[in-house]
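What follows is a short report on a single structure.
The values are calculated or read from the model by the stated rules, or taken from the named source; none is laboratory data. This one's a predicted model, so the numbers in the text were calculated from it and none came from an experiment. So basically every Cβ, Gly included, is an ideal-geometry build from the backbone, and we count neighbours across all protein chains shown. Heavy atoms of the whole protein, side chains included, go into the accessibility calculation; ligands, DNA and RNA do not. Shrake-Rupley method; radii C 1.70, N 1.55, O 1.52, S 1.80 Å.
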Amino acid sequence: MTRAPIYLTTPIYYVNDKPHVGHAYTSLATDMTARFKRLDGHEVHFLTGTDEHGQKVEKAARDAGEDPQAFTDRVSTSFRELARVMGFSNDDFIRTTEDRHKRACTALWERLVAKGEIYLGHYEGWYAVRDEAFYGPDELTERDGVKYAPSGAPVEWVREPSYFFRLGAWGERLLSFYEANPDFIAPPSRRNEVLSFVKSGLQDLSISRTSFTWGVKVPGDPAHVMYVWLDALTNYITALGYPDEGAPLWHFWPADVHFVGKDILRFHAIYWPAFLMAADLPPPKRVFAHGWWTIEGQKMSKSLGNAIDPVALIEEFGLDPLRYFLLREVPFGNDGDFARAALIARLNGELADQLGNLAQRTLTLMQRNCDAVLPEPGAPGDAEAALVAAGQGLVAQVRSLIDEQKFDQAIAAIFALVREANGYVTQTQPWALKKTDPARGVAVLRHLHDALRLAATLLQPVMPETMAKLLDQLGVPAEARAIAALAVPLPGGLPLPAPAPLFAKIQAG
Ligand code: MSP
């Protein structure tokens, strides 16, 4: 079955700093969605990468005493490495210093010029290098003679010649676009924030700078480099071959979901669709803004020195438990706190005790009582009613929760089945049936096997490595691991390899 192509993107990460768990989070959510969609029969393109131009990166390179290109080459590698250790299944990794990207930015700029959307003027106002954003005077607060943006970043006064994009003329068209596409901004709680910003009136946007040089040169006026957000947002179409709208990947546009953090929603939900519509290109279908992680109740920051390196977490807890925790702990869209105790509690309680034990008990008994061979499927009876009910409709439920980016609920729904299966074990006591009613004992194990296969299949996008191991132990052939394959019961007679524990419990402390 071929289903609609799906294009999913992460933000491209600034290379001014080492990656931390906050960066891993945006990409993890995207990865989980990409894996689910592939498993569900879609052709998926999953893009991530690094944002390498602009004043902030130029300053970080200078502080490190390196040439910006050498600096970005080095730091970009650490994001590529993060994608590898986190098991991300991205199809491409884009860097904004690549030629293909410069070509796309130049072409988009020229198209906007041709459409009369760009003019040369003078910018005078407040700029926060940390956010790479312009702010109006009414948005600022002042402490000890320094002015700050709402994000907490200090601003500086900038006065220089600049090209402008006629954003001021796009307010009404953006509002009708939001109205016609109620699902464009998600979660719904974020919609109003964007709407009221647009309703308060948009100013034309400064889209070039002359006070530094680390950027894509403005065509025909190389004293200017493009504003880093115009450059950065364009990455989403560069990767599909823009400006060649006949390129092999172009059919993925418009993007299905741009996954972003709440701090960068304004750029994606206001500037980006305005640039695209101005260039006669369709805007993305959806922008989802997730919340921010704190660490043990504190903001994660370089100065506090508490930014968590995901690699250290993986070494301590394992990759899949970390992926599970990040996706399960906090409703996607809310802020959340990263606490070791909470991670350990979920690892021990849900992964080891509920899922791990269920698999271990079932598969160990199947070795002994079924001669390590999968029994024929059997019709469920009254004793199985609750177990069957927990599995019925689960695929459709999980699919629709993932389409709404409710990852925590999708996982909880799968674990409701696991809980039900554990209850069924307690109730039926399959280990005792070997003596009293061996045929019934075998039938019970087969029902448990069916439940485990369903749970393991649906959990593959969350814990790819561990679920691959579980599916191996369940004897599920590689070609029967997609979601569509769940419609057909596994034939009896498949060999069941010896089981091994899936999750190691961690001592709290
Ligand atoms: N370069 C821009 C994005 C350009 S996209 C065209 C940028 N980069 S960033 O490296 O600063 O941030 C990338 C992502 O990491 C954002 O989505 C941001 O929300 C996310 N996070 C950074 N710190 C975070 C937490 N503490 N918690 C969760 N996510 C956080 O912005």
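Among the helices (runs of 4 or more DSSP H) confined wholly to the stretch 93-203, which include 2 or more residues that are open to solvent by less than 60 Å² (accessible area, probe 1.4 Å) and within 18 Å of Asp221 (Cβ to Cβ)?
Qualifying helices (runs of 4 or more DSSP H): 99-114.
Examine the stretch 38-47 for a residue that is in contact with an Asp or Glu (Cβ under 9 Å, 6 or more places away or on another chain), within 16 Å of Glu81 (Cα to Cα) and either within 16 Å of the ligand (Cβ to nearest atom) or in a loop (DSSP other than H, G, I, E, B) (or both), and state whether such a residue exists.
Yes; the residues of the stretch 38-47 include at least one that is in contact with an Asp or Glu (Cβ under 9 Å, 6 or more places away or on another chain), within 16 Å of Glu81 (Cα to Cα) and either within 16 Å of the ligand (Cβ to nearest atom) or in a loop (DSSP other than H, G, I, E, B) (or both).
Of (1) within 14 Å of the ligand (Cβ to nearest atom); (2) more than 14 Å from Pro461 (Cβ to Cβ), Ser27 satisfies all except one. Which?
(2)
Looking at Gln397, Gln409, Gln405, Gln429, which one is more than 18 Å from Pro501 (Cα to Cα), polar (S, T, N, Q) and open to solvent by less than 20 Å² (accessible area, probe 1.4 Å)?
From the options Gln397, Gln409, Gln405, Gln429, the qualifying one is Gln405.
Condition check: aliphatic (A, V, I, L, M), within 15 Å of the ligand (Cβ to nearest atom) and either surrounded by fewer than 19 Cβ atoms within 10 Å (Cβ to Cβ) or outside any helix (DSSP H, G or I) (or both). Does Leu8 satisfy that?
Yes.
What tally of residues in the stretch 227-269 results from selecting those that are touching a residue at least 12 places away in the same chain (Cβ under 8 Å), part of a helix (DSSP H, G or I) and either within 13 Å of the ligand (Cβ to nearest atom) or surrounded by fewer than 21 Cβ atoms within 10 Å (Cβ to Cβ) (or both)?
The qualifying residues number 19.
Go through the stretch 103-159 and give me each residue that's acidic (Asp, Glu), more than 15 Å from Asp204 (Cα to Cα) and away from the ligand (no atom under 16 Å from the Cβ).
Matches in the stretch 103-159: Glu110, Asp138, Glu139, Glu142, Asp144, Glu156.
Mind listing whichever residues of the stretch 364-402 are polar (S, T, N, Q) and assigned to a helix (DSSP H, G or I)?
Thr364, Gln367, Asn369, Gln397, Ser400
Would you pick out the residues in the stretch 216-226 that are out of contact with any Lys or Arg (no Cβ under 7 Å at 6 or more places or on another chain) and within 16 Å of the ligand (Cβ to nearest atom)?
Passing the criteria: only Met226.
In the list Leu355, Leu401, which residue meets the criterion of being within 32 Å of the chain's Cα centre (by Cα), touching a residue at least 24 places away in the same chain (Cβ under 8 Å) and under 29 Å from Pro477 (Cβ atoms)?
Leu355
Find all pairs meeting these conditions: Cβ atoms under 6 angstrom apart; at least six residues apart or on different chains; first residue within the stretch 435-455 and open to solvent by 40 Å² or more (accessible area, probe 1.4 Å); second residue in a helix (DSSP H, G or I).
Pairs that qualify, where the first residue is open to solvent by 40 Å² or more (accessible area, probe 1.4 Å) and the partner is in a helix (DSSP H, G or I), are Arg440/Leu433.
Matching residues to (1) small (Gly, Ala, Ser); (2) open to solvent by 20 Å² or more (accessible area, probe 1.4 Å); (3) under 17 Å from the mean Cα position of the chain (by Cα); (4) more than 25 Å from Pro254 (Cβ to Cβ):
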residue	(1), (2), (3), (4)
His45	no, no, yes, no
Glu52	no, no, no, no
Lys56	no, yes, no, yes
Ala61	yes, no, no, yes
Asp73	no, yes, no, yes
Glu81	no, yes, yes, yes
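For the stretch 212-222, check the following and say yes or no: at least one residue is surrounded by fewer than 24 Cβ atoms within 10 Å (Cβ to Cβ) and among the polar types (S, T, N, Q).
Scanning the stretch 212-222, I find at least one residue that is surrounded by fewer than 24 Cβ atoms within 10 Å (Cβ to Cβ) and among the polar types (S, T, N, Q), so the answer is yes.
Sort out which residues of the stretch 456-489 are in contact with a His (Cβ under 9 Å, 6 or more places away or on another chain) and open to solvent by 10 Å² or more (accessible area, probe 1.4 Å), and write them in order of number.
Across the stretch 456-489, the qualifying residue is only Gly475.
What about Ala279, is it away from the ligand (no atom under 11 Å from the Cβ) and in contact with a helix residue (DSSP H, G or I) (Cβ under 7 Å, 6 or more places away or on another chain)?
Here the answer is yes, as Ala279 does meet what is asked.
Within the set of pairs 6+ apart or on separate chains, which have a first residue in the stretch 109-127 that is modelled with pLDDT of 95 or more, a second that is open to solvent by less than 20 Å² (accessible area, probe 1.4 Å) and in a helix (DSSP H, G or I), and C-beta atoms under 8 Å apart?
So the pair list comes out as Trp109/Leu230; Leu112/Phe275; Leu112/Ala278; Lys115/Ala278; Glu117/Ala278; Ile118/Trp109; Ile118/Leu112.
Inside the stretch 407-437, can you point out the residues that are under 30 Å from Ala289 (Cα atoms) and of a type in the set (D, E, K, R)?
Selection gives Asp408 alone.
Of the numbered conditions (1) in contact with a helix residue (DSSP H, G or I) (Cβ under 7 Å, 6 or more places away or on another chain); (2) away from the ligand (no atom under 11 Å from the Cβ); (3) open to solvent by 30 Å² or more (accessible area, probe 1.4 Å), Pro321 satisfies every one except a single condition; which is it?
All conditions are met except number (3).
Take the conditions touching a Phe, Trp or Tyr at 6+ places or on another chain (Cβ under 6 Å) and more than 16 Å from the ligand (Cβ to nearest atom) and apply them to Ser200. Does it pass?
Spelling it out, it is not the case that Ser200 is touching a Phe, Trp or Tyr at 6+ places or on another chain (Cβ under 6 Å) and more than 16 Å from the ligand (Cβ to nearest atom).
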